[in-house]
Amino acid sequence: MKLYGAIDLHSTNAVCGLINEQDEVKMRKKTPCELDVVLRAFAPFKDDITGIAVESTFNWYWLVDGLMDAGYLVHLVNTAAVKQYEGLKHTDDNTDTFWLAHLLRLGILPTGYIYPKEVRPLRDLLRKRSQLVQQRTANILSIQNLHCRNTGARLSGNTVKRLTLELIERHFDDPSLILAINSNRVVMQALDMQIQLIEKAVLSQAKLDPRYRYLLSIDGIGKILALTIMLETGDISRFENVGNFASYCRCVNSARLSNGKKKGKGNAKNGNKYLSWAFVEAANFAIRYHDPAKRYYQRKMAATKRVVAIKALAHKLARAGYYVMRDQVPFDSKKLYG
């Protein structure tokens, strides 16, 4: 008898369920988020289980890894693509669990990519760097706002980065204002130190495959961006074509059209936000240092807004990145810009 499993995962508990080929419930159990307890729930049925669908929540690593190590075939559910069931007045965690198992039985369960366990910590370390960079930027903006609010003049980002306590005390007399600005400065410098440590660790630990070297050949992409793109992409063969990759990078417009008219839009945030950030950053660097990219950007700027022009260039770079990684060839500017 074939059984199909599913787990509705939460931060504090997991609802486990099994159904047979007639959609009959064979097991239903609510467990704490403890691997040994979950495994004990499925153990009596292990030989008959064809697969287990696990909801892709923020905390799926431990569960998916543990189930796979125990010999189960695990399907990581793409929750954004799951069609909701209709016609039920009342739904709860049990109905969610068995709906996933039902979709798995029918072979129509939308699944996500289970990133290799051994590379995952390095990728997450780069994500931590991204978080710290955002926090550093927030502190820079806070100092600029405080300065502008009290003096009417604007400080550049480079000036903010060179600030010292002596310079702050020279410009302001109020001790509360000095403390506020210096607090931002101290935090900003601490973040700078941690960002540098992370960058050093990532560059020393990364097992670089040929994709990294070829990504560096793309104008606007440096070491950190190349590592981000490489690690966030994972296995390039999982993307059927360049359009799928560009969509995953959030470089494709989300719209529903009928008879040439816009009837709505889909989930614009569906995809990888880190790849989206990396290619937008690459586009901003490319227009500074690469003439063909700058000319393309200027043509777009003449017809639309700056943010749209940057996104259009990011889209082109994402497509170039796909072919560079897939074919393992250097970047050819002529093929991209003509």
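Any read-out appearing in this document is the output of simple, stated calculations on the displayed coordinates, not a laboratory observation. All values reported here derive from a predicted model rather than from experimental measurement. Cβ placement follows ideal geometry from the backbone for every residue including glycine, while neighbour counts extend to all protein chains displayed.
Report the label-to-label distance for Tyr85 and Ser11 in nanometres (one decimal), using points 7 Å from each Cα along the Cα→Cβ vector.
The two pseudo-label positions are separated by 2.6 nm.
So for the stretch 3-106, averaging the separation of alpha carbon pairs under 8 Å that are six or more residues apart and normalising by length, what relative contact order in percent results?
34 percent
Compute a Gaussian network model of the chain, connecting alpha carbons closer than 10 Å, and tell me which residue from Tyr289, Tyr274, Tyr248 fluctuates the most.
For the chain, modelled as a Gaussian network with Cα springs under 10 Å, the answer is Tyr289.
Bin by bin, in steps of 5 Å, what percent of the Cα pairs in the stretch 120-205 do you find, going until the bin that has the longest distance?
Distribution as computed: 3, 14, 23, 21, 13, 10, 8, 5, 3, 1 percent.
Please give the charge dipole size of the stretch 120-205, origin at the Cα centre, charges +1 on K and R Cβ atoms and -1 on D and E Cβ atoms. Round to the nearest 20 debye.
Here the stretch 120-205 has a charge dipole of around 520 debye.
Taking the Cα centre of the chain as the origin, how large is its charge dipole in debye, to the nearest 20, when only Lys and Arg (+1) and Asp and Glu (-1) carry charge on their Cβ atoms?
Dipole about the Cα centre, nearest 20: 1900 debye.
Among DSSP bridges having both ends in the chain, what percentage is antiparallel? Round to the nearest 5.
65 percent
For the chain, which DSSP H helices look membrane-span-like by this rule: Cα extent along the axis of 30 Å or more and mean Kyte-Doolittle of at least -1.0?
Helices meeting the span and hydropathy rule in the chain are 120-151, 175-205, 306-327.
Given the options Arg154, Arg326, Arg120, state which has the largest fluctuation in a GNM of the chain using a 10 Å cut-off (strictly under) for Cα springs.
Arg154
Arranged by the count of other C-beta atoms within 10 angstrom, fewest first, what order do Thr91, Thr57 take?
Sorted ascending by nearby Cβ count, the order is Thr91, Thr57.
Please compute the contact order of the stretch 210-337 in relative form: average sequence separation of alpha-carbon pairs under 8 Å and at least six residues apart, divided by the residue count, as a percent.
35 percent
Go through Lys200/Lys335; Lys294/Lys335; Lys200/Lys294; Lys223/Lys294; Lys294/Lys316; Lys273/Lys316 and tell me which ones have a Cα-Cα distance over 23 Å in this structure.
The answer is Lys200/Lys335; Lys200/Lys294.
Between Tyr113 and Val242, what is the label-point separation in nm under the 7 Å Cα-to-beta-carbon projection?
Here the answer is 1.8 nm between the modelled labels.
When Lys and Arg each count +1 and Asp and Glu each count -1, what net charge do the other residues less than 13 Å away from Phe285, Cβ to Cβ, add up to?
Surrounding charge for Phe285 is +1.
If you take all C-alpha pairs in the chain, what percent of them are over 25 Å apart?
Taking all Cα-Cα pairs of the chain, the fraction more than 25 Å apart is 65 percent.
So, counting K/R as plus one and D/E as minus one, what does the shell of residues with Cβ under 12 Å around Gly220 add up to?
Once all neighbours under 12 Å are counted, the net charge is +1.
Given R₀ = 51 Å, FRET efficiency for Asn78-Asp174 by Cβ-Cβ distance, to 0.05?
FRET efficiency, Asn78 to Asp174: 0.45.
I'd like to compare 277-288, 42-53: which one has the highest average count of other Cβ atoms within 10 Å, and what's the full order after that?
Put in order of decreasing packing, that is 277-288, 42-53.
Once a ≥ b ≥ c are taken as the square roots of the eigenvalues of the Cα gyration tensor of the stretch 210-337, is the result rounded (a/c under 1.5), prolate (a/b larger than b/c) or oblate (a/b not larger than b/c)?
It is oblate, given that a/c is not under 1.5 and a/b is not larger than b/c.
Over the chain, what relative contact order in percent results from Cα pairs under 8 Å that are six or more residues apart?
12 percent
Please compute the modelled spin-label separation between Asn270 and Asp332, points set 7 Å along Cα→Cβ, answer in nm with one decimal.
Spacing of the two 7 Å Cα→Cβ label points: 3.4 nm.
What is the sum of charges, Lys and Arg at +1 and Asp and Glu at -1, for the other residues whose Cβ falls under 13 Å from the Cβ of Ile198?
So the environment of Ile198 carries a net charge of +4.
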